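The values are calculated or read from the model by the stated rules, or taken from the named source; none is laboratory data. What you are looking at is a predicted structure, and each value in this text was computed from that prediction instead of being measured. Just so you know, the surface numbers come from the protein's heavy atoms only, side chains and all, with ligands and any DNA or RNA stripped out. Shrake-Rupley method; radii C 1.70, N 1.55, O 1.52, S 1.80 Å.
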Amino acid sequence: MGKSTEIARAKARRLRGMIKESDGIALENERLKAEGRKEQAEARLEEALARASRAASGR
């Protein structure tokens, strides 16, 4: 899988996390809000790692 694909998947996962968090806010569900925040944090990390790997490979 290419680095651009990994970055796009991480962005999509971050968006899913934002939606979960938003749903949690709307439904007043703390667990759902926390899951959304966690998913966003993990996705940001994945994206950063993919970008660093891409930069290290010279692309």
Self-check item: Output for the range 45-59, where each listed residue is open to solvent by less than 70 Å² (accessible area, probe 1.4 Å) and not hydrophobic (A, V, I, L, M, F, W, C)
Solution: E47, S53, G58
Quiz prompt | Residues located in the range 20-44, provided they are of a type in the set (K, R) and open to solvent by less than 60 Å² (accessible area, probe 1.4 Å) | solution = K33
Quiz item: Among the residues of the range 8-19, is any at pLDDT 95 or above, outside any helix (DSSP H, G or I) and open to solvent by 100 Å² or more (accessible area, probe 1.4 Å)?
Solution: no
